[in-house]
Amino acid sequence: MKFFMDTADVESIRKAVDLGLCDGVTTNPSLIMKSGKDQKTVIKEIAKIVKGPISVEGVAEDAAGMVKEGEEFAKWAPNVVVKIPMTREGMRAVRMLSEKDIKTNVTLVFSASQALLAAKAGATYVSPFVGRLDDVSQDGMALIEEIMDIFTNYEIKTEVIVASTRHPIHVVQSARLGAHIATMPAEVFEKMFRHPLTDKGIAQFKEDYAKSKK
Ligand code: G3P
């Protein structure tokens with residue numbers, strides 16, 4: 001299973017890369033805005049430290065506009081993936097970009113039917129948003145289960161990026177369901193390390209080591 005960092009904060013990305021635990025990055029216009037930097041500048045900075053896929057999202061609403069944006073993003077770094085919203089025009093853009101060998105990540109996916117459409121359109125990745133579904137009292141992880149069943153039935157090559165993860169359990173459940181990738185904010189990644197019994201155990205061993213040296 002691959003771990004992507006869902007952030008445009010270069011320092012958080014660098015920390016995960018230094019640990020050897022960052023397989024890629026996903027961004028969106030809100031995350032770019034939070035970075036306080038211009039999109040092209042920050043994506044180029046990220047591309048200097050991340051070898052894996054980096055998803056970049058535009059704002060065009062028609063297929064021609066999305067393709068134009070995508071072609072521009074693809075010039076920024078060889079590992080750029082173009083994020084395309086789950087709309088009719090978006091699916092036209094996915095087809096056109098895949099014909100140009102530009103990778104796509106279909107975003108804002110909230111149902112299995114949308115994931116299936118994206119896969120049929122030729123998306124490289126599909127991003128169901130689990131946290132936002134949980135927020136409206138729908139079971140986000142149930143959607144991942146449905147999508148994984150469908151993609152397994154037909155040996156669909158499109159990879160599933162579990163997005164909008166809010167806590168480590170989303171990541172662990174994604175792994176149990178065989179999702180290809182979980183993309184997570186820095187806080188979720190950080191929380192994955194933590195367990196009070198680990199901290200307690202380390203403190204105890206340190207204390208006992210000091211005692212044994214006397
Ligand atoms: O990758 C999609 C993600 O950025 C959305 O997360 O927390 O805004 O629902 P969130």
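The values are calculated or read from the model by the stated rules, or taken from the named source; none is laboratory data. No experiment lies behind these values; they were computed from the predicted model shown. Here Cβ is always computed from backbone atoms with ideal geometry, including for glycine, and neighbour counts include all displayed protein chains. SASA here: full protein model, heavy atoms, side chains in, ligands and nucleic acids out. Shrake-Rupley method; radii C 1.70, N 1.55, O 1.52, S 1.80 Å.
Please work out the Cα center distance from the stretch 1-79 to the stretch 102-147, rounded to the nearest Å. A separation of 19 Å, based on Cα centres. Between Lys157 and Ala186, residue separation times 0.36 nm minus the direct Cα-Cα distance comes to 7.7 nm.
The modelled label-to-label distance for the pair Ile150/Glu89, using points 7 Å beyond Cα in the direction of Cβ, is 2.4 nm. Rounded to the nearest 500, the 222 nm mean residue ellipticity of the chain from helices alone is -16500 deg cm²/dmol, with -39,500 (n - 2.57) taken per DSSP H run of at least 4 residues. For the stretch 21-101, the convex hull drawn through the C-alpha positions has a volume of 94 cubic angstrom per residue. Of the residues Ile150, Ile32, Leu97, the one whose Cα sits farthest towards the positive end of the charge dipole of the chain is Ile32 (charges of +1 on Lys and Arg Cβ, -1 on Asp and Glu Cβ, taken about the Cα centre). The distance between label points at Ser113 and Gln138 comes to 1.1 nm (points 7 Å beyond Cα on the Cα→Cβ vector). In a reduced charge model with +1 at each Lys and Arg Cβ and -1 at each Asp and Glu Cβ, the chain shows a dipole moment near 780 debye about its Cα centre.
For the stretch 69-110, a simple Cβ point-charge model (Lys and Arg +1, Asp and Glu -1, everything else neutral) yields a dipole of about 120 debye relative to the Cα centre.
Expressed as a fraction of 2.2 N^0.38 Å, the rule-of-thumb size for a compact globular protein of N residues, what is the C-alpha radius of gyration of the chain? Walk me through the numbers before you get to the answer.
Numbers: Rg = 19.1 Å, N = 214, 2.2 N^0.38 = 16.9 Å.
Rounded to two decimals, the normalised Rg is 1.13.
Computed from the Cβ-Cβ distance with R0 of 30 Å, the FRET efficiency linking His195 to Ile49 stands at 0.60.
Given a cut-off of 29 Å, name the pairs among Lys37/Lys200; Lys48/Lys200; Lys34/Lys120; Lys75/Lys157; Lys44/Lys68; Lys48/Lys68 whose C-alpha atoms lie farther apart than that in the structure shown. Checking Cα-Cα distances, Lys37/Lys200; Lys48/Lys200; Lys34/Lys120 exceed 29 Å. Using a probe of 1.4 angstrom and keeping all protein chains present, the accessible surface of the stretch 54-93 works out to 46 square angstrom per residue. Compactness check for the stretch 56-150: Cα Rg over 2.2 N^0.38 Å is 1.08.
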